[in-house]
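Let me begin by presenting the structure, written as structure tokens, before commenting on it.
The values are calculated or read from the model by the stated rules, or taken from the named source; none is laboratory data. No experiment lies behind these values; they were computed from the predicted model shown. Here Cβ is always computed from backbone atoms with ideal geometry, including for glycine, and neighbour counts include all displayed protein chains.
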Amino acid sequence: MRIMITGARGQVGRALQAALAGHELILTNRSELDVCQPQSVRAAIQDARPDLVIHSAAYTNVDDCARQPALAYRVNGLGTQNVALACRVAGAALLYISTNEVFSGDNPAGYDEWDVPRPINAYGRSKAAGEFYARSLLSRCYVVRTAWVFAAGGRNFIHAILARARRDGQVQVVTDEIGNPTFAADLAEAIARLIVTEQYGTYHLVNEGACSRWAFAAEILRQAGLSEAGNLPILSAQYQRASTPPRFGELRNNAAAALGITLRPWQEALADYLALAAS
Ligand SMILES: NC(=O)c1ccc[n+]([C@@H]2O[C@H](COP(=O)([O-])OP(=O)(O)OC[C@H]3O[C@@H](n4cnc5c(N)ncnc54)[C@H](OP(=O)(O)O)[C@@H]3O)[C@@H](O)[C@H]2O)c1
């Protein structure tokens, strides 16, 4: 398959390059292709003639999105509209990567693929707008929601916890934010399996199991051999930040599981990530 990837230099984009190595890949980054420029997006996709575009590029700093909601909507909402319209003209299918932050997080049971998005922050609203454009402009479209992504070489939650534990001997982490830690390599492998099915629709691809940020930090410290570092539980209300994440943001995988596509438990994925990071 001929596959174009937007945001190819990002955490997920790099993992996709590895997982899709058997396909013909066209990689694009912001410097060559700004998704906010409709004419350039249309020309790039028409010239490349991909069978599928995996739209991974996004404005991903959730706190910056809260400070600049119009820019978040422009990149994540309208940028996806540009990509979807260009796919329609070029006859390409689309896989749009979305987020658990499209949900409000007020349901302790978490979220299934059929639950109705109700975002509570600017990032979530902009990504939900992207979902709307992708689905309404294309019939051959996958929407893949994921969460709490970590990738080798990325500056992510694991990186931040380890750096702070080594520097200060302790970390303070919130107990009242729940999600699914997800290894970018596992997500990319699952996407590689999904795209050959042509079962267009909405999917939740996350590593198996959910936990609080605090429990995630505890496991990171344990597996990294830093259990002696303090892991002080705090509440979100005690942690000043611009964006408000969904409190109960667990995603449940029903739709991909029905196709036989499941991801391993996040603790196993974390062990592989730490081994890679150490090598
Ligand atoms: N990371 C997570 O925890 C997480 C969770 C749920 C869903 N997701 C979704 O997963 C996807 C990939 O995330 P990620 O973690 O790989 O993010 P990332 O590492 O921040 O990569 C995003 C990429 O998008 C590019 N980009 C930003 N604005 C652009 C624009 N206007 N035009 C073209 N490219 C642009 C960035 O380029 P520059 O580096 O040049 O800015 C970057 O390479 C995103 O759609 C995100 O919303 C991520």
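Values computed for the structure shown
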{"item": "Any hit, the range 62-81, residues being modelled with pLDDT of 95 or more and touching a Pro at 6+ places or on another chain (Cβ under 6 Å)", "result": "no"}
{"item": "Any hit, the range 125-144, residues being in a loop (DSSP other than H, G, I, E, B), among the hydroxyl-bearing types (Ser, Thr, Tyr) and out of contact with any Leu (no Cβ under 6 Å at 6 or more places or on another chain)", "result": "yes"}
{"item": "Filter pass, SER98 being within 15 Å of the ligand (Cβ to nearest atom), hydroxyl-bearing (Ser, Thr, Tyr) and either within 17 Å of the chain's Cα centre (by Cα) or under 19 Å from ARG67 (Cα atoms) (or both)", "result": "yes"}
{"item": "Residue within the range 240-248 that is more than 19 Å from HIS159 (Cα to Cα), in contact with a Pro (Cβ under 9 Å, 6 or more places away or on another chain) and among the aliphatic types (A, V, I, L, M) present", "result": "no"}
{"item": "Strands (runs of 3 or more DSSP E) enclosed by the range 162-277 - at least 2 residues per element that are of a type in the set (A, V, I, L, M, F, W, C)", "result": "170-174, 230-234"}
{"item": "2 or more residues crowded, with 22+ Cβ neighbours inside 10 Å: qualifying strands (runs of 3 or more DSSP E) within the range 1-97", "result": "2-6, 52-55"}
{"item": "Residue check, GLU208 among the acidic types (Asp, Glu), surrounded by 15 or more Cβ atoms within 10 Å (Cβ to Cβ), touching a helix residue (DSSP H, G or I) at 6+ places or on another chain (Cβ under 6 Å) and modelled with pLDDT of 95 or more", "result": "no"}
{"item": "Residues of the range 142-168 satisfying the condition of being over 19 Å from VAL206 (Cα atoms), hydrophobic (A, V, I, L, M, F, W, C) and either within 11 Å of the ligand (Cβ to nearest atom) or touching a helix residue (DSSP H, G or I) at 6+ places or on another chain (Cβ under 9 Å) (or both)", "result": "ILE161, LEU162, ALA165"}
{"item": "Unmet criterion (only one of (1) over 24 Å from CYS65 (Cα atoms); (2) at pLDDT below 95; (3) small (Gly, Ala, Ser)) for ALA217", "result": "(2)"}
{"item": "Identity of the residue in the range 226-259, small (Gly, Ala, Ser) and touching a residue at least 40 places away in the same chain (Cβ under 8 Å), that ends up surrounded by the fewest Cβ atoms within 10 Å (Cβ to Cβ)", "result": "GLY230"}
{"item": "Filter result (buried (at least 24 other Cβ atoms within 10 Å of the Cβ), among the small types (Gly, Ala, Ser) and not in a strand (DSSP E or B)) within the range 98-114", "result": "GLY105"}
{"item": "Filtered residue count, the range 39-66, keeping only those that are over 20 Å from the mean Cα position of the chain (by Cα), away from the ligand (no atom under 12 Å from the Cβ) and over 18 Å from VAL144 (Cβ atoms)", "result": "8"}
{"item": "Tally, over the range 245-279, of residues that are β-branched (Val, Ile, Thr) and modelled with pLDDT under 95", "result": "0"}
